[in-house]
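Derivation of every value follows stated rules applied to the coordinates shown; laboratory data play no part. This is a predicted model, so every value here is computed, not measured. Ideal geometry is used to build each Cβ from the backbone, glycine not excepted, and the neighbour counts take in all protein chains shown.
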Amino acid sequence: MFSRSFIITLFAIIALVSAKKDKPNGGNGGNKKAVCKDFKAFKGAVGLCNAYCTAQKCAEKATPTKSCLNLKKKFASRTEGAALPCDPVVDDISAAPSATPVVESPSMAPSTTPV
């Protein structure tokens, strides 16, 4: 049949291929630089994206620094308002406060006033 080394090599290849498939961003291990390359059409956007996502790790900070806010603003202005790929996606409906005031509905108890 097959030699032991052939079977071990085959399983190692299968494991590597399946592990790469399960990683985010197409198997690059979550490398934010690869995601930033999508913005090559916008002058300077890749560098701003790399600085924000990779160098300063702004998306991971609980409170953004002034530098992170400046990078985000410059990135948006150069990319016609595009969001940075490493920023978490926020569901606009659930995150936005309701503009409609909460009003208590009238009671369904019978009225005591004569008709």
Residues of segment 34-53 with backbone N under 14 Å of the label point set 7 Å from the Cα of residue 74 along Cα→Cβ are 43-53
With θ set to phi - 60°, apply the Karplus curve 6.51 cos²θ - 1.76 cosθ + 1.60 along segment 58-71 and write out the HN-Hα couplings as whole Hz, x wherever there is a Gly or Pro. 5, 5, 8, 7, 5, 10, x, 7, 4, 4, 5, 5, 5, 4
